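These notes concern the structure reproduced below.
The values are calculated or read from the model by the stated rules, or taken from the named source; none is laboratory data. It should be emphasised that the depicted structure is a prediction, and the values quoted were computed from it without experimental measurement. Positions of Cβ are generated from backbone atoms using ideal geometry, with glycine treated the same way; all protein chains shown enter the neighbour counts.
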Amino acid sequence: MSQEPYRFQKSLFSEANEELVRRLREARKQAGLSQIEAAKRLGCRQTFISKMECGGRRIDVAELLLLLRVYEVQPADFLKNLLPRMGRRRTSSES
């Protein structure tokens, strides 16, 4: 009853990271914020938002939570909608 382990891709351009970035960009736009406005609210430079949204920079959990707060998105809702699109490990009952 062993399950296959998750496989991490080392690339910044993994499918999972691309989906995360796409959803964050979408959340920012739905909040009605430009990259400059979002950066001002975060206290960072616009280049941080730009690099993140083009996939040139990975985002850690603390940054993700701050971004979601600025975009007025509940983390649980964001992740609930994100995870099915990123793929998931099958359970033994789905084999």
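Of note:
- Cβ-Cβ under 7 Å pairs, at least 6 apart or on other chains, the range 39-64 side within 18 Å of Lys29 (Cβ to Cβ), far side of a type in the set (Asp, Glu) and in a helix (DSSP H, G or I): Gly55/Glu18
- Within the range 65-76, the set of residues being part of a helix (DSSP H, G or I) and either free of Cβ contacts under 8 Å to residues at least 24 places away in the same chain or under 14 Å from Arg23 (Cβ atoms) (or both) comprises Leu65, Leu67, Leu68, Arg69, Pro75, Ala76.
- One residue stands out in the range 35-77 among those that are at positive phi and loosely packed, with under 15 Cβ neighbours inside 10 Å: the one that is nearest to the chain's Cα centre (by Cα), namely Glu72.
- Selection status of Arg25, farther than 20 Å from Ser14 by Cα, basic (Lys, Arg) and surrounded by 13 or more Cβ atoms within 10 Å (Cβ to Cβ): no
- The single condition among (1) of a type outside the set (Lys, Arg); (2) on the phi < 0 side of the Ramachandran plot; (3) modelled with pLDDT of 95 or more that Gly32 does not meet is (2).
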